[in-house]
Every structure is written in C-alpha cells, then in structure tokens.
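Trainee: Okay, handing you the structure first.
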There are 2 protein chains.
Amino acid sequence: MSDMCVEVGAAALQNPFVKQMVVQLRAMDSYGTYDTWGDEKVLDPMILTKARRREIPVVGDPDEVVVSRVKAYYNAIAVRVEQECGLMAVPMINLTHEGFGRALIMVGKLVVVDKALRDVHRFGFDSVDKLDAEGEKLVARALGTIEKFRAAAED
Amino acid sequence: MSDMCVEVGAAALQNPFVKQMVVQLRAMDSYGTYDTWGDEKVLDPMILTKARRREIPVVGDPDEVVVSRVKAYYNAIAVRVEQECGLMAVPMINLTHEGFGRALIMVGKLVVVDKALRDVHRFGFDSVDKLDAEGEKLVARALGTIEKFRAAAED
C-alpha cells in the first residue's frame with residue numbers, strides 16, 4: 001500500500017459515522033502511533049480499492065490488526081445507534097481464526113444488527129463515501145428495528 | 001476424579017433437559033469414545049461436587065473439553081427452548097482464553113438467554129438434580145421472555 005486513498009479534507013470526513021469510526025480506530029491505538037496522524041491517514045487502511053484488493057490473497061487468515069478494524073467498525077455503529085436512540089447498544093463479535101463468524105449489536109433484549117462475517121482478511125470499503133453509506137445503512141436499519149420492537153429494546 | 005458422581009438409573013436422567021444434555025455431549029464425541037458408555041458416565045464430568053471442586057485451581061485457563069461442555073449446556077437449553085416454543089433458538093458463546101465471556105441464545109431478533117461466563121475452568125453443577133433445575137430455570141425464563149415479546153421473537 002503505497003499511496004493514500006483518502007483525500008485530505010474530503011467532505012465525508014465530517015459525517016457523524018466517519019467521525020466516530022476515526023474515534024474508534026484511535027481508541028485502539030494503545031501506543032500512540034496515530035497521535036501525529038491526520039484522520040485521513042488513520043482511516044486509510046479501511047479503504048480497499050480494487051488495486052489494493054488484488055494484492056490480498058483470496059484465502060487467508062485475518063491478523064490482529066484487521067480484526068481490530070472490524071471491531072472498530074461495529075463499535076462505531078453501536079455508538080451511532082446509541083446517539084440516535086438514547087439506549088445502550090452492545091456489540092459482540094464471534095470470529096474463528098479463519099475469519100468467519102458473526103457480528104451482533106444488542107439493545108436491551110433486542111438484536112438490532114446481525115451480520116454474518118466472512119473473508120475478514122479482506123475487510124474494507126471501496127471509498128470513504130461507501131464506508132459512510134454502509135455504516136449509516138446499518139444504523140438506520142437498527143433504529144427501524146428498535147422503533148418496531150421498542151418494548152424489547154427498553155427491557 | 002475417581003468415583004462416579006451420577007447414580008446409575010437416577011430419576012433425573014429421564015428429565016427432558018438432562019436427556020438433551022446427554023444428546024449434546026454425545027454429539028461432541030467425534031471419535032465414538034462414548035459409544036459404549038452409559039448416560040451416567042457421559043454426564044459425570046458435568047458434576048462438580050465439593051470434593052472435586054477442591055481439586056481444581058481457583059485461577060486457570062479452561063481447556064477445550066471444558067469449553068465443549070459449556071457449549072453443550074447452552075445447546076441443550078436452546079434445543080429445549082425450541083421444543084417448547086416451536087421457534088428456532090440460536091446459541092452464541094464468546095469466551096476469552098482465560099475463561100471469561102458471555103453466552104447468548106437468540107430467538108428471531110430476541111435475546112432470550114444472556115449469561116456472563118466467568119471461571120469457566122470450574123464449570124459444573126453440584127448434582128444432576130441441580131443441573132436439571134438450573135437448565136430448566138433458564139428455559140422457563142427464556143419462554144417467558146418470548147411470551148412477552150412474541151413479535152420480536154417471530155421476526
């Protein structure tokens with residue numbers, strides 16, 4: 001990965017989901033490596049353009065760094081759900097070492113996000129706009145589910 | 001562990017939860033070791049009497065066999081819930097290598113069992129009656145939750 005894929009000052013960087021994504025990625029940087037980095041550089045590895053994708057083998061085990069990005073992504077969705085509905089949202093991720101599994105977000109007794117995970121070693125998005133759109137789509141769907149089964153979410 | 005803790009022909013062995021527990025434990029025995037064993041012998045390691053508990057260190061990592069017992073236990077609960085309510089129940093277990101984590105059972109979009117797991121290397125029950133009572137308690141509570149939020153469970 002030579003060139004950066006996220007433009008400095010891209011409009012999407014101001015969107016609430018992308019902002020939260022940066023917060024979550026920075027939170028996982030326990031050695032302070034990102035401290036001097038701009039948001040673009042922190043987000044950059046989340047973006048897998050076609051060229052980048054070609055460089056990753058089709059079959060492979062995800063390493064710790066990729067898994068931490070998946071966790072950051074679902075944490076960001078959980079935080080966004082919390083911000084919108086005011087109820088606590090809890091993410092839970094189950095992954096085999098081969099990169100297959102399941103991601104859940106629960107609000108009260110309600111499962112508001114339930115995604116099958118596969119080929120996690122190739123986890124990433126075409127662009128920042130795509131990342132934002134995908135994330136917000138899950139948030140919107142979660143909020144719809146909460147609206148529908150409010151009592152279970154508040155239990 | 002020298003002597004067996006489960007009496008041959010104990011009444012509890014006929015209870016639906018204990019029966020399902022045996023089915024689940026046998027299902028995990030991929031080499032057919034249990035084929036010649038009676039149900040009492042298969043169930044035996046699930047029982048931790050005070051004497052047996054004393055032999056296990058207070059702090060320790062659970063091995064694969066103990067983890068498979070925990071999975072068998074929650075599988076059995078899920079099957080019992082399914083039998084009673086006619087809806088599919090899905091167990092999901094998250095464990096760190098240190099034996100801390102969480103066990104969930106979901107029916108549709110509803111979380112019907114949500115248990116914090118800790119000290120999994122000491123997982124077990126005082127007696128078969130206790131195992132049966134604990135299991136059926138979780139089943140009954142799950143069915144109550146489904147009754148309360150039927151629409152979310154059927155979604």
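Only the coordinates and a few stated rules stand behind these numbers; no lab work does. Quick caveat: nothing in here was measured; it's all calculated off a predicted structure. Note: ideal-geometry Cβ built from the backbone for every residue, glycine included; neighbour counts use all protein chains shown.
Trainee: Scan region A:92-101 for residues that are more than 8 Å from chain B (Cβ to nearest Cβ) and polar (S, T, N, Q) and jot them down.
Mentor: Listed by number, the list holds a single entry, A:Thr96.
Trainee: Within region A:44-54, identify whether any single residue is more than 20 Å from A:Leu138 (Cα to Cα), part of a helix (DSSP H, G or I), basic (Lys, Arg) and in contact with a helix residue (DSSP H, G or I) (Cβ under 8 Å, 6 or more places away or on another chain), and answer yes or no. Spell out how you get there, then give the answer.
Mentor: Keep residues of region A:44-54 that are more than 20 Å from A:Leu138 (Cα to Cα), which gives A:44-45, A:49-54.
Next cut, part of a helix (DSSP H, G or I) only: A:44-45, A:50-54.
With the extra rule that they be basic (Lys, Arg), the set shrinks to A:50, A:52-54.
From the residues that got through so far, the ones that are in contact with a helix residue (DSSP H, G or I) (Cβ under 8 Å, 6 or more places away or on another chain) too are A:53.
Yes: one or more hits.
Trainee: Another question, if that's okay. Working only within region B:122-155, note down all residues that are away from every other protein chain (no Cβ under 14 Å) and among the hydroxyl-bearing types (Ser, Thr, Tyr).
Mentor: Residues of region B:122-155 away from every other protein chain (no Cβ under 14 Å): B:122-140.
Within region B:122-155, B:Ser127 is the sole residue that qualifies.
Trainee: Something else: Identify all residues within region B:102-116 that are crowded, with 19+ Cβ neighbours inside 10 Å, within 17 Å of the chain's Cα centre (by Cα) and more than 8 Å from chain A (Cβ to nearest Cβ); write none if there are none.
Mentor: Answer for region B:102-116, where residues must be crowded, with 19+ Cβ neighbours inside 10 Å, within 17 Å of the chain's Cα centre (by Cα) and more than 8 Å from chain A (Cβ to nearest Cβ): B:Ala103, B:Ile105, B:Val113.
Trainee: Given the conditions (1) surrounded by fewer than 20 Cβ atoms within 10 Å (Cβ to Cβ); (2) assigned to a loop (DSSP other than H, G, I, E, B), and given that B:Lys19 satisfies all but one, which numbered condition is not satisfied?
Mentor: (2)
Trainee: Exactly one condition in (1) within 13 Å of chain A (Cβ to nearest Cβ); (2) surrounded by fewer than 18 Cβ atoms within 10 Å (Cβ to Cβ); (3) in contact with a helix residue (DSSP H, G or I) (Cβ under 7 Å, 6 or more places away or on another chain) is false for B:Ala89; which is it?
Mentor: (2)
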